[in-house]
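Single-structure report; data block below.
The values are calculated or read from the model by the stated rules, or taken from the named source; none is laboratory data. Quantities reported herein were computed from a predicted structural model and do not represent experimental measurements. Neighbour counts are summed over all protein chains in view; Cβ atoms, including those assigned to glycine, are modelled from backbone coordinates with ideal geometry. When the accessible area is computed, the model is the full protein with side chains, heavy atoms only, and any ligands, DNA or RNA have been set aside. Shrake-Rupley method; radii C 1.70, N 1.55, O 1.52, S 1.80 Å.
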Amino acid sequence: MAAKPASDAPPVPRTLLPRIHSDSVLCCHVDASDCLLATGSEDGSMALCDIRAPAPSPPLHLTCFGGASVPSLLFLPAQEHVLAAAAGSSVFLVDRRKAAGGSSDGSEAIIRRLSFNADEINALAVDRKGDFLAAADDSGQVKVVSLVNHSLHRTLRGVHSSICSSVLFHPKQPWQLFSAGLDCCWAQWDFASGRPLRSFNLSADTTSPSAPSAGAPSSSSSSSLASSSRMCNPPFIHSLSVHHMPPVKASCVAENSTTTTTTTTTIPSTAASTAPAAAAAATAAGDSWRTRGMTLLAVAQGDGTVAVWDADADLEGEGGRRGGVRGASISTSVPATIAEDSELSSEDACNGDAGGAEGSQEERGGREEEREKRSGPQLLVFGGRMAAREGGMRGHCASVSAVTFCRFAPPISPLLASGGNDRLVLLWDVTQALSTSSSSSSSSSFSLSSEAREGGGAEAGDSESSSSHLGGEAQKVAGAGAFGPILRIQHGRKVNFLTTSSGVRGRKLFVADTSKRVSVYDIPS
């Protein structure tokens, strides 16, 4: 069944919040009560807006940060009236109760300034109890600050060789956090000791020449294509998002699988009708990830892919090393219906068990064993700049700049939103992808024809031209596209940041982009 053209798809309801910034909006964050939205801008200001009313009230505007841009801000969980905002190399703690009625720039609202970073701060994170704040900066370091006594607790260094662009605390391990940067590396830390538990270099994935499969390019051209793509579109990491999936009782796995798949109304009826069978197959294959639970780490990459990792995987496993730093090749053995990275010219993508591959059964078995050794804790890879999907919609065709797990989705059925420089906002059903992965582990290799590879540029152009308007049109994914994004929004501008809310006014997706206003989309339930 062919995918429905975007021009024929019903538009997703969209609202533009009142304009207050004079430059691009860099970040946004919704408080825990889903009442207030905070935004930070390139113009060096922060705004607070009440989003409960049908017509959002005029924002409260603060310009007390010395003219430096505000790339990251968040509400503190222990004190919802206090926000942390990064500007330059400092973190400002702002009491919103003191902002109204004060001076014109809101300087009275600043209750403390934390200046522990030596370079410009790119991202902030706070742990779930509100005891620690982490600030990642341009030097590649992460400063962990105690919010109890406002002192420097630990400096995390020695992993990132370039800008550290994102940082997050582990939702279940109180002394662990994740960091990622423009060195194509993400790391998991024990910030109590200041030691990295493991580190993954996404640019370390290399290709091995071997006999080409039918319809696939030669090994030399494949390696050349991969090298060119890696050079022009390195997997810089721009954003992280983390989500904990609680364990589900084994007796409830089948029921949860069916519910998760059939309640996603953006999947066409033809795909939804096969949900019970798919759920039963997944259960028969053994959805161990459901019964044990896991912490998912989503990684937004510069090569157009969104990777999902198992952050609870054994730290002593093949993918990482406890107490040290070691780059590991990304897994290329994820199912073809899900994992379609831009570097699919490796022997796994072009040969493996694909039809027409040369080599004996023993050699293919050896390659399969090698893939298992290299797999590490990577679970899924969505999209890719030159990815091709059979009968479905692919993912981003340019750098992915923002990713977030949606707050309005059930914990056991996470939805992942991503936005990129291709002006697209996509919604992914992670649970469905994981179920598909567990039920099709034996047929994970596939070949990508040269026509599909060369067609990537044309599709990118089509995507950019179709997103030149601001209508916020959505496209439902049909047929095999059920393994791809379940919702596709032509946003019209490059995306800087994404956040969500699940208040009484429904499921909201907030998009900060290169314009001076924040867009709000009503996501269908």
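The gain in end-to-end length when the residue 161 to residue 516 segment is fully stretched comes to 124.5 nm, 0.36 nm per residue minus the alpha carbon separation.
Toward the positive end of the charge dipole of the stretch 50-162, with +1 on the Cβ of Lys and Arg and -1 on the Cβ of Asp and Glu, the farthest Cα among 59, 156, 90 is that of 156.
Here the calculated FRET efficiency for residue 80 and residue 314, from their Cβ-Cβ distance with R0 = 51 Å, stands at 0.85, rounded to the nearest 0.05. A protection proxy built from the mean count of other Cβ atoms within 10 Å ranks the segments 237-245, 188-196, most packed first, as 237-245, 188-196. With all protein chains in place and ligands, DNA and RNA left out, the 1.4 Å accessible area ranks 143, 172 as 172, 143, largest first. Charged side chains reduced to their Cβ positions (Lys and Arg at +1, Asp and Glu at -1) give the stretch 9-115 a dipole of some 100 debye around its Cα centre.
Would you mind calculating the gained length between residue 97 and residue 204 on full extension (0.36 nm times residue separation, minus the Cα-Cα distance), in nm to one decimal?
On the way: separation 107, 0.36 × 107 = 38.52 nm, distance 4.86 nm.
Fully extending the segment from residue 97 to residue 204 adds 33.7 nm.
Between residue 173 and residue 23, the simple label model (points 7 Å from Cα in the Cβ direction) yields a spacing of 3.8 nm.
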